């Protein structure tokens, strides 16, 4: 009730100022013997009247309107942009300098781990590699002798088996070394070590650090979690009944932490099956950049059903009068009897589709939407004064 009273008081004040202005102008006209006759679609106001009526100007915008789907979900990252780091053979943590939240780069050392088994694998690999060198030379020699009918086929087969077995052993030990982060090509007899480095597999920040110096970790333990937040996704929950309204490329407007700042995404994929709770997941690629968006954040989102853009205005810019819809546009500035006035023109329009805040306007053919300024605030004050006074112009 208090709000309605304030609106009524504002309208009465506007009417009083306009009436006073009209009376003042009529007095001047009577003294001068000249009276201005304004067209029926023109409204003129002084600066103080404009301020009291709360008149605000804006432009006609090209917007995507229509039905929207209200959904919720959270921010996530693609599987290839997050990593869980473990050590396949386990061991004792020798050193680390990182904390959760630290930025890391691909190839950076995350920690150093010790295990006696690392020494055994390196020794076995070097021994097998040395034997393979001898076996390869022996294999070539026996092959040449066999060609010259000096050596028997049975002896050649035995040498071949030994050579291939050693080759397989060296290859398997190479894979074990690479698994624990040791480069087989750089390994020599004088650089065998009981400790190896744990390396970051990608760029990002540390979501979790689950180690400390001296801690024993097993192959199944998660040591680090790394997330690359450069390419974020939305995972949204959509009701089954709305599944047919979703297509790739649709625009998503979303909000985080109950903030008013809008962020944008685009539908990139959606599930083809319905979950037990009769919902399905929709995935959107975040297209706007914002340092405040992090994986795991809860979001409220609006999915636009259509990408078609139309001429639109805030809903409060349109007024209805005698079953017709109008907007007020700025017409010109002028001076009369030493006083500045602003003229606004009342233009009939047609309504189109709308959403919560904006509405499509179909303009007259002779009106260029790029060249007009529209009253987007205070339009109802102008209309109320016209309806109550019988004539806005004076």
Notebook entry, point to check: Arranged from highest to lowest average of other beta-carbon atoms within 10 Å per residue, in what order do the peptides 155-161, 40-46 appear?
Noted result: 40-46, 155-161
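If R0 is 56 Å, what FRET efficiency do you get for residue 70 and residue 212 from their C-beta distance, rounded to 0.05? Walk me through the numbers on the way to the answer.
Numbers: r = 45 Å, r/R0 = 0.81.
Efficiency at R0 = 56 Å is approximately 0.80.
Based on the mean of other beta carbon atoms within 10 Å per residue, what is the order of 264-275, 71-82, most packed first? Before the final figure, lay out the partial values.
On the way: 264-275: 14.2, 71-82: 16.3.
Result, highest mean first: 71-82, 264-275.
Going by how many other Cβ atoms sit within 10 Å of their own, how do 182, 119, 372 line up, fewest first? Working shown, then result.
Numbers: 182 20, 119 14, 372 17.
Fewest-to-most Cβ neighbours within 10 Å comes out as 119, 372, 182.
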Check: Roughly how many nanometres apart are two label points built 7 Å out from the Cα toward the Cβ at residue 102 and residue 290?
Finding: 3.0 nm
Note to self: At 7 Å along Cα-to-Cβ for each site, give me the label-to-label distance between residue 281 and residue 156 in nm.
What the structure shows: 6.0 nm
Check: Expressed as an acute angle from 0 to 90° and rounded to the nearest 10, what is the orientation of the C-alpha long axis of helix 116-147 relative to the principal long axis of the chain?
Finding: 60 degrees
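If a/c stays under 1.5 just call it rounded; otherwise compare a/b with b/c (prolate if a/b is bigger, oblate if not). Do that for the chain, with a ≥ b ≥ c from the square roots of the Cα gyration tensor eigenvalues. Intermediate results must be reported in sequence, preceding the final value.
Details: a/c = 4.31, a/b = 3.53, b/c = 1.22.
Because a/c hits 1.5 or more and a/b exceeds b/c, the chain counts as prolate.
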Check: In whole Å, how far is the Cα centre of region 258-336 from that of region 187-243?
Finding: 37 Å
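Let's test the formula: R0 of 30 Å, r as the Cβ-Cβ distance of residue 255 and residue 367. What FRET efficiency results, to the nearest 0.05?
Numbers: r = 35 Å, r/R0 = 1.15.
With R0 = 30 Å, the Cβ-Cβ based efficiency is 0.30.
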Check: Once the Cα atoms of helix 153-179 and of the chain are each reduced to a long axis, what angle between those two axes, in degrees from 0 to 90 to the nearest 10, is obtained?
Finding: 40 degrees
Item checked: Whole-angstrom gap from region 54-80 to region 82-158, using each part's C-alpha centre -> 56 Å
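What is the calculated FRET efficiency for residue 37 to residue 309, with r their C-beta to C-beta distance and R₀ = 51 Å, to the nearest 0.05?
Numbers: r = 41 Å, r/R0 = 0.81.
In this case the efficiency is close to 0.80.
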Check: Roughly what angle does helix 2-32 make with the longest principal axis of the chain, taking Cα atoms, 0 to 90 degrees, to the nearest 10?
Finding: 50 degrees
Margin query: Rg over Rh of region 83-226, using C-alpha atoms and the Kirkwood radius, what does it come to?
Written below: 1.19
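Arrange the following residues from fewest to most other Cβ atoms within 10 Å of their Cβ: 289, 200.
Numbers: 289 9, 200 19.
Sorted ascending by nearby Cβ count, the order is 289, 200.
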Notebook entry, point to check: What is the gain in length, in nm to one decimal, between residue 165 and residue 222 on full extension, counting 0.36 nm per residue of separation less the C-alpha to C-alpha distance?
Noted result: 17.0 nm
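Over the chain, what is the relative contact order in percent, taking alpha-carbon pairs closer than 8 angstrom and at least six residues apart?
Working: 734 pairs, mean separation 111.6, N = 394.
In percent, rounded to a whole number, it is 28.
Read-outs throughout are calculated quantities, based only on the coordinates presented, and are distinct from any laboratory measurement. Note that the structure is a prediction, hence the values are computed from the model and not measured. Here the Cβ is made from the backbone with ideal geometry for all residues, glycine too, and neighbour counts use every protein chain on show.
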